[in-house]
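The values are calculated or read from the model by the stated rules, or taken from the named source; none is laboratory data. Everything quoted here is computed from the prediction, not taken from an experiment. Positions of Cβ are backbone-derived with ideal geometry, glycine not excepted, and every protein chain shown enters the neighbour counts. These area figures cover heavy atoms from the full protein model, side chains too; ligands, DNA and RNA do not enter into them. Shrake-Rupley method; radii C 1.70, N 1.55, O 1.52, S 1.80 Å.
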Amino acid sequence: MGAGHAHRLYRHGHSPVHRLPPHCKLAAVFCFVLVVVSTPREAVWAFAAYAVLLAAVAAAARVPAGFVLRRLVIEVPFVAFAFLMPFVVPGEQIRLLGLSVSEPGLWDAWNVLAKGTLGVAASVLLAATTELRALLLGLQRLRLPPLLVQIASFMIRYGDVITDEMRRMSVARRSRGFEAKGVRHWGVLAKSAGALFIRSYERGERVHLAMVSRGYTGTMPVIDEVTARPGQWYAAAALPLTALVICLLGWTL
């Protein structure tokens, strides 16, 4: 399984979190997100506790706060949606900062914002401490369907190739004096997108034929067998188990 190059979200390090097997970290993050989603939105203190847990993981992994915060920008569309909810969700109206907003909408916005931010932050920490190749091996170790693992592997391997192809097409357009400045240029961009799709499809066909000619039968060989000791499972389980205790307290208090 290829894709051994490091991705942009990965931060090289030798911390205890980096050394954990990838399938342990995947299972821990998945369970943590499930617990966060299951927490009642009214338990505001519980979400603060989850944030402290993630901060402790980041400190153990030696991942700077700025590194995580910059990558949280990906959730900006969800933040914008959350800020609209107090104005569009029906319900009892209250005054907030001189505006009339819906109280159920405020709770819904808080629910989306808190849980979404924690989920994205956990994913960023996972990506920052695990190489892509290790993630794929971890998914395989967790018995994810092999076809899905192969599709993810090819996406990672050839994503940069397709991006370079798109960049070359952009350079070719600019060298001919083309600059997209309005709606009337959308047709050219649409034709370029179609050409890129055809080129990507043809490249995929050539890659598949090359693999078949080399003995590919539908499964990829496993280069490294990733194993985990019981102590590593216990270390990875500390995050979701602690979060589970917080969640249960949030439901009972």
Principal axis extents for the stretch 141-200, Cα atoms only, whole Å, descending order, please. 51, 20, 18
So, taking all protein chains as they sit and a 1.4 Å probe, how much accessible area belongs to Glu103, in Å² rounded to tens? 70
Which value in deg cm²/dmol, rounded to the nearest 500, describes the helix-derived mean residue ellipticity at 222 nm for the chain, given -39,500 (n - 2.57) per DSSP H run of n ≥ 4 and division by the residue count? -23500 deg cm²/dmol
About the Cα centre, charge dipole magnitude for the chain (Lys/Arg +1, Asp/Glu -1 at Cβ), debye: 1020
Which three extents, in whole angstrom, do the alpha-carbon atoms of the chain cover along their principal axes, largest first? 63, 57, 31
Enumerate the lysines that Lys191 could reach by cross-link, defined here as Cα to Cα under 24 Å, with residues fewer than 8 away along the same chain left out. Lys181
Could you work out how far the C-alpha centroid of the stretch 185-253 sits from that of the stretch 162-180, in angstrom? 29
Scan around Val89 for amide H atoms under 5 Å from its own, H built in the peptide plane at 1.01 Å from N, and keep only partners 5 or more places away or cross-chain. none
Please return the longest range in the chain lying between exposed loop sites, taking trypsin sites (Lys or Arg not before Pro), DSSP loop only, at most 16 other beta-carbon atoms within 10 Å, and leaving the sites out. 63-142
In whole Hz, with x marking every Gly and Pro, tabulate ³J(HN,Hα) for the stretch 196-209 from phi via Karplus 6.51 cos²θ - 1.76 cosθ + 1.60, θ = phi - 60°. 5, 4, 5, 5, 5, 5, 5, 5, x, 4, 5, 5, 5, 4
Treating only the Cβ atoms of Lys and Arg (+1) and Asp and Glu (-1) as charged, compute the dipole magnitude of the stretch 1-131 about its Cα centre; round to the nearest 20 debye. 580
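Divide the volume of the convex hull of the Cα atoms of the stretch 54-102 by its number of residues and quote the answer in cubic angstrom per residue.
117
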